[in-house]
Amino acid sequence: MPTDFITLSLDLASLCRTTAQFIRQEAATFDRGKIEHKGVHDLVSYVDQETERKLVAGLRQLLPEAGFITEEGTAGPDTHTEEFTWIIDPLDGTTNFVHGLPVYSISVALLHRKELVIGVVHEVNRDESFRAVRGSGAFCNDLPIRVTDIPELNSSLIATGFPYKDFGQMGTYLQVLGAFMSRSHGVRRLGSAAVDLAYVAAGRYEGFFEFNLNSYDVAAGILLVREAGGHVTQFLEDGDPLFGREIVASNGHLHAEMQQTIREFWQ
């Protein structure tokens, strides 16, 4: 059983960088006619599936005893083991990929005894590798990163994501969005939650919020933000958002203000 999580994180970052080359190659000739639908607005392509297969094969070599939680299910049924579990989103931002919008990422995290210990988000087209190890900090292309020290929402840049299902909450969500738009320097929507969280960690955003996410969307990003000095919770309480459906991430300084803004509308 390996105990050197730093070395393992570097091996994971290398695997993600190599796998990102495959995504870039496929993007150059991708045929939109090859997409499939997991839901009305939930797209998947052979690129998602093949990328996941490559990641799973590489991760099995790095840590044979680990289980898997994957978006596309190519590793078989999810196996959340007590000791080690990889959490994988092979292509976070599939809709962007399908439409040729070059913002998407690979997101991989490792749970050890139910605690996040490694997280890597590789932004494919910028070739930026965001990496975190529990207790050892966060990095972008091996340079240390840190959240900002901006103390108030009215001086911040915030990110979010738009729901692609459960539209019954859309009205409430738009009220929350409007509040953030009027109280901050602006709100951005890139289309990859993993990238959004990495950008909070790197000090490019002060905060991020979204609902209806899955563990594979946020696992690596949660660790990145925490190791970069930020704070991550659910919308209305301080519970762990990993297996919840909602997330607020921030530089820590304006976290309570973000939660209060959401609380004005969200029940």
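The values are calculated or read from the model by the stated rules, or taken from the named source; none is laboratory data. Bear in mind the structure is a predicted one, so any value in this text is a computation, not a measurement. Cβ placement follows ideal geometry from the backbone for every residue including glycine, while neighbour counts extend to all protein chains displayed.
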Quiz item: Within the bounds of segment 23-38, is there any residue that is modelled with pLDDT of 95 or more, within 27 Å of Tyr164 (Cα to Cα) and outside any strand (DSSP E or B)?
Solution: yes
Self-check item: Unique match (being touching a helix residue (DSSP H, G or I) at 6+ places or on another chain (Cβ under 7 Å) and farther than 26 Å from Arg60 by Cβ) among Ala109, Ala194, Ala132, Ala179
Solution: Ala179
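Residues are listed down the side, and each one gets a yes or a no for (1) loosely packed, with under 14 Cβ neighbours inside 10 Å; (2) at pLDDT below 95; (3) of a type in the set (Gly, Ala, Ser); (4) not assigned by TED's automatic domain parsing to the domain that holds Tyr205:
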| site | (1), (2), (3), (4) |
| --- | --- |
| Gly73 | yes, yes, yes, yes |
| Thr94 | no, yes, no, yes |
| Ser105 | no, no, yes, yes |
| Val108 | no, no, no, yes |
| His112 | no, no, no, yes |
| Asn125 | no, no, no, yes |
| Glu128 | no, no, no, yes |
| Ile158 | no, no, no, no |
Self-check item: Candidates Arg134, Arg183, Arg188, Arg146, filtered to the one that is in contact with a Leu (Cβ under 8 Å, 6 or more places away or on another chain), over 25 Å from Gln267 (Cα atoms) and not hydroxyl-bearing (Ser, Thr, Tyr)
Solution: Arg134
Quiz item: at negative phi and not in a helix (DSSP H, G or I), is that true of Ala249?
Solution: yes
Quiz prompt | Condition check for Glu237: more than 13 Å from the chain's Cα centre (by Cα), surrounded by 19 or more Cβ atoms within 10 Å (Cβ to Cβ) and among the acidic types (Asp, Glu) | solution = no
Quiz prompt | Hey, Ala220 small (Gly, Ala, Ser), part of a helix (DSSP H, G or I) and in contact with a strand residue (DSSP E or B) (Cβ under 9 Å, 6 or more places away or on another chain) or not | solution = yes
Quiz item: Do the conditions hold for Gly244, that is, is it outside any helix (DSSP H, G or I), farther than 25 Å from His122 by Cβ and among the small types (Gly, Ala, Ser)?
Solution: no
Quiz item: Being out of contact with any His (no Cβ under 8 Å at 6 or more places or on another chain) and part of a strand (DSSP E or B), is that true of even one residue in segment 223-235?
Solution: yes
Quiz item: Which residues, counting only those in segment 243-263, are touching a helix residue (DSSP H, G or I) at 6+ places or on another chain (Cβ under 6 Å) and either in the same structural domain as Ser136 (by TED's automatic domain parsing) or at pLDDT 95 or above (or both)?
Solution: Ile247, Val248, Ala249, Ser250, Leu254, Glu257, Thr261, Ile262
